[in-house]
Amino acid sequence: MRTRPWILLLAAVPAAFLAYFFVYPLVTILYTGLVPNGRFATSAFVEIVTNPAMRSVAWFTLWQAVLSTVLTVILGLPAAYVFARYRFPGRSLFRSLTLVPFVLPTLVVGVAFLAVLGPGSPFGVDLRGTIWAILIAHVFYNLAIVIRGVGVLWEQIDPHLEDAARSLGAGRWRVFREVTLPLLRPAILSSAALVFLFSFTSFGVILVLGDLHHSTLEVEIWRQATAFLRLDLASALAVLQLVGVTVILLLYGKAGKRMDGELPLRPSAEVARRPRTIGERLLITATLGMLGLIVVVPIAVMIARSLNTPTGLALTHYANLFDPPRASAVFVSPLDAIGNTLRFAVPAVIIAAGIGLMAGVVIVSARGRSGRIFDTVLMLPLGTSAVTIGFGFLVALDQPIDLRASIMLIPIAHALVAIPFVIRSTVPVMESVQHRLREAAAVLGASPRQAWREVDLPLVSRALAVGALFAFAISVGEFGATSFIARPATSTIPVAIFRLLGRPGTFGEAMAMAVVLMAITAVAAMGIESMRGSRSGGV
Amino acid sequence: MLEVSQLTVRFDGTPALDGADLTVEDRSIHVLMGPSGSGKSTMLRAIAGLEAPESGEITWNRRSVLGVPAHKRGFGLMFQDYALFPHRNVAGNVAFGLRMQGLDSAIIRSRVDDVLELVGLPGYGDRSVGTLSGGERQRVALARTLAPRPRLVLLDEPLGALDRSLREHLLVEMRSIFNRVEATVLYVTHDREEAFTIADRVAIIRDGGIVADDTPEGLWRRPPDGWTARFIGLENLCAASALADLGVQPPSSTTTTGVIPPEAISLSPTASNAATVAGSHFRGGAYRIELDLGAGSMLVTWSPIGIESGTAARFDVDVTRVSWFED
């Protein structure tokens, strides 16, 4: 199909945005790493290899991500199976529950597990600074990816395949190993790649729970850049991390492609059935119990500890947020942080929705290769770590125009992260209305533009609202990039939580602030769930 | 020999099987026929060990198999949708059961070749199952089921997914394959012609219970009740009073319905009963003639030649061929 000029025009806006706020900062990071003082030098890269501290950071980043991924997959598979194959009371409620951790800002996840497993834990343990706290938090955060990703495929595997294997003499375990597992492999691999990606670039969780005993590449980039002002080393680390992320994304793409292979697909409604044997009931109960424990307990403890004061349960910590007793010049008041967060969220949502919609129209209209490439390029910020984006802004956006003091910088960073979510929410809907309805409209005498306005827009607006809510949730919870570019006066809620955690005597206020952030996110998440309805979305 | 007695299976409280009895003799092909939802597939799955019965007994050679898990029963099961493993090629599918038995790979290879030869797909081992036609898939599924030499072969509508001409062809072929390997077969279908073509015996299942079990001819000649007669395709069900008008007397006062097989009606100008031809339709080889006896009574028979509608006709009924039941 011939590319029409208006598509090129429409493509120019997202392309320019991405070029200036994503590609240009990344190139600058590379340049800063390789040409630190105006001359080409590999010293920063050599330092990563030779410095034992840097080596151990890289090693830790890798193995904690591997371990987190393995644990998440092992715990996620039984849950995916239970949701895919059985009908039981409260199924959709529990399914929604598993999504809760995933929509929570990572800093809130860190704070929740600090409440459960850190100092003053109701369980009498203090795992702060240990790998266990980090692993458990990563499992909590990523479980939904495995449950959803694998579950969707599992629902579509014909149970007759397993029955056939059983009648051919395979025991239950053998059936799983020889039939189910090979068929699920693409979904397991692609979910695992995503879990690995998020664990590999984990920031908020590590910062809060690692207590600086454990540092990932992501944390180290932030530390080297903000605490030691070693921009060259931070750049080299960012380049190293980008290489790792690229490898993971390539594996993810490969796994995703293999999912297109033909399977004897069945509608999911037919497959799920009520449990019949005691063993099946036991499995469901145990799985739901595990989910309840891992999802509900951290959140409940965090809420409880936000209400816990020396004189019993009270709203003291919340009151302190609005009337901070220890406000200071270098420290934004929590109330201002809440105001900042909402003020930044509005432009972030507008930018993300606007550019995401333009990009979506381009992707759908320019079918074929160019559309796919455009789609892939726009997904890149999703894979790139938030810290790298923030760091890139810091090193790149002082010229040609110095934007670093601009009030718009934070919303732009948030929009960059959110645009892929807007695209993923809208493109499937636009693609599905494309053919028949448009043809119908054309036959009824509507011009392409009229057809778009009359047919696509009403249908797409709902999907766009979902994307906008995603963008809102991302903006209010974003921590990695914001921690780089926020000044004390422009601190957002996550930044304020982190500051409160770092100050003596404000632990309760940090909990209260995290609960406030969770509540704001929950409202957005409920909006997303209700608008998406039963339709299974792209993200 | 498979014996099923008083088998009951419930799903969420509603019985899918309700006290069903069935005996399958060694080296026989026993068809289980019933309308959809009658419990025939559930029966097959319970025998295979894939569904746990609530009560009743399943024995093989007089020993209970209820405590034996599906994979150790040695019963092969073939599905209507074939359930071929999409991640394995033809040979990989056929070899699956043999591998589960822990056989030597050289033995497996030669057995796979033999079985593929048996089902008429020699040399298909390396093909991907995604590239096969419907008939080829059916043969691969059959080969996979037969390869481990199951004590009992269970088939769930094995030809249900194929078109008619292919179905008839494969049906004859399957019968000869089962005879050649001396298989004991329980074959589920809803199709009468399929059942009658392949079966040594036919069991009729209705609402989770077996209502008839006989040879195909016995079933045709002596249907136990009106529902079964209609289900196997007998049409001429008449009230005793209507039959009395034709000179056919019921054997006792409690039998209220009789069924006349179409071949028991003979048309001839000198016959004793009069009727009007209401319809005459060519059905390949013979005409289906509908006779209107007046007063809303209709009879169906076959004739080698067509008769124009509205023509008067005369016919006789072979009294010995009429079967009676209380209905």
Checklist line | Selected residue (only one of A:Tyr24, A:Tyr81 is within 30 Å of A:Ser365 (Cα to Cα) and not aliphatic (A, V, I, L, M)) | finding: A:Tyr24
Check: Quick one: which helices (runs of 4 or more DSSP H) sit completely within segment A:378-493 and have at least 3 residues that are at pLDDT 75 or above?
Finding: A:386-396, A:409-443, A:457-477, A:480-485
Item checked: Breaking point among (1) more than 30 Å from B:Thr197 (Cα to Cα); (2) within 14 Å of chain A (Cβ to nearest Cβ); (3) surrounded by 14 or more Cβ atoms within 10 Å (Cβ to Cβ), for B:Arg109 -> (2)
Notebook entry, point to check: Residues of segment A:179-194 being facing chain B (nearest Cβ under 10 Å) and more than 17 Å from B:Met100 (Cα to Cα), which ones?
Noted result: A:Leu183, A:Arg185
Checklist line | Matching residues, segment B:85-100, being at the interface with chain A (Cβ under 8 Å from one of its Cβ atoms) and under 24 Å from B:Leu159 (Cα atoms) | finding: B:Phe85, B:Pro86, B:His87, B:Phe96, B:Gly97
Notebook entry, point to check: What is the one condition in (1) in contact with a Phe, Trp or Tyr (Cβ under 6 Å, 6 or more places away or on another chain); (2) within 14 Å of another protein chain (Cβ to nearest Cβ) that A:Phe176 does not satisfy?
Noted result: (1)
Next item on the list: Search segment B:82-100 for residues that are over 11 Å from B:Val112 (Cβ atoms) and pair each with any residue that is part of a helix (DSSP H, G or I) and polar (S, T, N, Q) when their beta-carbon atoms are under 9 Å apart and the residues are at least 6 apart or on different chains.
Entry: B:Tyr82/B:Gln138; B:Leu84/B:Asn93; B:Phe85/B:Asn93
Checklist line | Some residue of segment A:48-56 being buried (at least 16 other Cβ atoms within 10 Å of the Cβ), touching a Ser or Thr at 6+ places or on another chain (Cβ under 9 Å) and not assigned by TED's automatic domain parsing to the domain that holds A:Asp402 | finding: no
Next item on the list: Pick out the one residue from B:Leu103, B:Leu132 that is surrounded by fewer than 18 Cβ atoms within 10 Å (Cβ to Cβ), modelled with pLDDT under 95 and either among the basic types (Lys, Arg) or assigned by TED's automatic domain parsing to the domain that holds B:Ala183 (or both).
Entry: B:Leu103
Margin query: Just to check your reading of the model, which residue among B:Thr14, B:Thr8 is without any contact (Cβ under 8 Å) to a residue 24 or more places away in the chain and of a type in the set (Ser, Thr, Tyr)?
Written below: B:Thr14
Next item on the list: Go through segment B:40-148 and tell me which helices (runs of 4 or more DSSP H), entirely inside it, have 3 or more residues that are under 25 Å from A:Leu181 (Cβ atoms) and touching a strand residue (DSSP E or B) at 6+ places or on another chain (Cβ under 9 Å).
Entry: B:134-146
Margin query: Based on this model, can you work out whether B:Ala239 counts as buried (at least 17 other Cβ atoms within 10 Å of the Cβ) and either within 33 Å of the chain's Cα centre (by Cα) or of a type in the set (Ser, Thr, Tyr) (or both)?
Written below: no
Notebook entry, point to check: When only residues in segment A:152-164 that are within 12 Å of chain B (Cβ to nearest Cβ) and part of a loop (DSSP other than H, G, I, E, B) count, which is surrounded by the fewest Cβ atoms within 10 Å (Cβ to Cβ)?
Noted result: A:Gln156
Notebook entry, point to check: Across segment B:163-210, what is the total count of residues that are part of a loop (DSSP other than H, G, I, E, B) and crowded, with 19+ Cβ neighbours inside 10 Å?
Noted result: 4
Next item on the list: Check A:Gly171, A:Gly129, A:Gly149 and return the single one that is within 12 Å of another protein chain (Cβ to nearest Cβ) and either farther than 18 Å from A:Leu67 by Cβ or surrounded by fewer than 22 Cβ atoms within 10 Å (Cβ to Cβ) (or both).
Entry: A:Gly171
Check: Of the residues that sit in segment B:70-84 and are touching an Asp or Glu at 6+ places or on another chain (Cβ under 9 Å) and at the interface with another protein chain (Cβ under 7 Å from one of its Cβ atoms), which one is surrounded by the most Cβ atoms within 10 Å (Cβ to Cβ)?
Finding: B:Leu77
Item checked: All positions within segment A:56-91 that are of a type in the set (Lys, Arg) and in contact with an Asp or Glu (Cβ under 9 Å, 6 or more places away or on another chain) -> A:Arg85
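The values are calculated or read from the model by the stated rules, or taken from the named source; none is laboratory data. The structure displayed is predicted, hence computed values, not measured ones. Please note: Cβ atoms are built from the backbone with ideal geometry, for glycine as well, and neighbour counts cover all protein chains shown.
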